Amino acid sequence: MISESSSFVKGMMIGGLFCVFVTLVGHIKMGHGTKAHHHEHHHIQAPNKEDVLNLSEGERMELSHSIRVYCIILVKPKDLGHWAAVKETWSKHCDKAEFYSSENVKVFDSIVLNTNDMWVMMRKAYKLAYERYKDEYNWFFLAHPTTFAIIENLKYFLLKKDASQPFYTGHAVKSGELEYVDGDGGIVLSIESLKRLSKIFEDPDKCPEQGGLIWKLSEDKQLAVCLKYTGVLAENAEDSEGKDVFNTKSVGTLIKEAMTNQPQQVIEGCCSDMAITFNGLAPNHMHVMMYGVYRLRPYGHNFKDALVFLPPEGSDND
């Protein structure tokens, strides 16, 4: 279920503090994440609580059912531990989630792409997703297996966004003249953006399948180059207070940074109440996050959310 404010941040912070404890005691590697960047691109924000409260009950129900998220997780055999964790945790909350693997792995079902090149994997995954699901889903979320996502918060963020418009959003950064969404934080495309992308894939001059012979862009940068040719530009996703909601670091890392940089405001300085993703989590930390976000509740607190996102029919999500 979604919470506009305190329910998720309490669970998220507790889960995050557990991660810090495990890291400090067990010396578990959390991953490097990425440093914050100053950028000058467009910023798009989630609705605030008042926006939702002003909607009629009928409008809320219509909106909650209209946002359909298809999740693409790119995996390789070396990711088996993370693959299993994602399968058992947050991916259950997608309206549909599928794993796209570089090669066949017997222990898990996946869509086999037969390539180790991440850009080729991304291209093939997006192409197949559009061909198969363009009439079923209006938002497409791509993530790495080290990413933890809170899909209800993603749906809340998308609440008043029109999927027929070309949205391309996440944790946007700038590299030279190129603005792109960092794949470590997850990438969100509207159906309109995916439609344009599928068309530009057919133009090898503007969107080549293989990179240059001397140097090659990372897959998330290459995606931005291709989308730019279609008029789709990267936009940084923020909550109603201007805080990033797609994070390229783990909760534990962000909390430790806040403890150092803002010791008097660790919670406020760490992350958004409505954070959507974190990256660089070990598999066991994903289960800790699931407990903190979806299970743990302080007794006596009553969270009255104005909007509810029901799980997919037949789902065994938490």
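The values are calculated or read from the model by the stated rules, or taken from the named source; none is laboratory data. These figures come from a predicted structure and were not determined experimentally. Note: ideal-geometry Cβ built from the backbone for every residue, glycine included; neighbour counts use all protein chains shown. Only protein heavy atoms, including side chains, enter the accessible area calculation; ligands, DNA and RNA are left aside. Shrake-Rupley method; radii C 1.70, N 1.55, O 1.52, S 1.80 Å.
For segment 180-243, compute the orientation-averaged projected area of the C-alpha convex hull (one quarter of its surface), in nm².
On the way: hull surface 20.6 nm².
So the mean shadow area of the Cα hull is 5.1 nm².
For GLN210 and ILE267 in the same chain, what is the full-extension length gain: residue separation times 0.36 nm, less their Cα-Cα distance, in nm? Intermediate results must be reported in sequence, preceding the final value.
Details: separation 57, 0.36 × 57 = 20.52 nm, distance 4.36 nm.
Full-extension gain reported as 16.2 nm.
Assuming charge only on the beta carbon of Lys and Arg (+1) and of Asp and Glu (-1), the dipole of segment 43-294 about its Cα centre is about 640 debye to the nearest 20.
Placing a label point 7 Å from the Cα of GLU136 along the Cα-to-Cβ direction, the residues of segment 144-165 whose backbone N falls under 20 Å from that point are 151-152, 155, 163-164.
How many angstrom separate the Cα center of segment 166-235 from the Cα center of segment 71-126? Taking the Cα centre of each part, segment 166-235 and segment 71-126 sit 20 Å apart.
The overall shape of segment 43-294, judged from the alpha-carbon gyration tensor, is rounded, with an a/c ratio under 1.5. Bridgeable lysines around LYS106 (alpha carbons under 16 Å apart, same-chain partners fewer than 8 residues away excluded): LYS76, LYS78, LYS87. Among the GluC sites (Glu not before Pro) within segment 202-286, those in coil by DSSP and having at most 15 neighbouring Cβ atoms inside 10 Å are GLU202, GLU209, GLU241. Of the solvent-accessible surface of segment 90-240, computed with a 1.4 Å probe and all protein chains present, 46% belongs to carbon and sulfur. With protein chains left intact and a 1.4 Å probe, residues in segment 43-294 average 41 Å² of accessible area per residue. Applying 0.36 nm per residue to the separation of ASP117 and LEU296 and subtracting their alpha-carbon distance, the gain on full extension is 60.5 nm.
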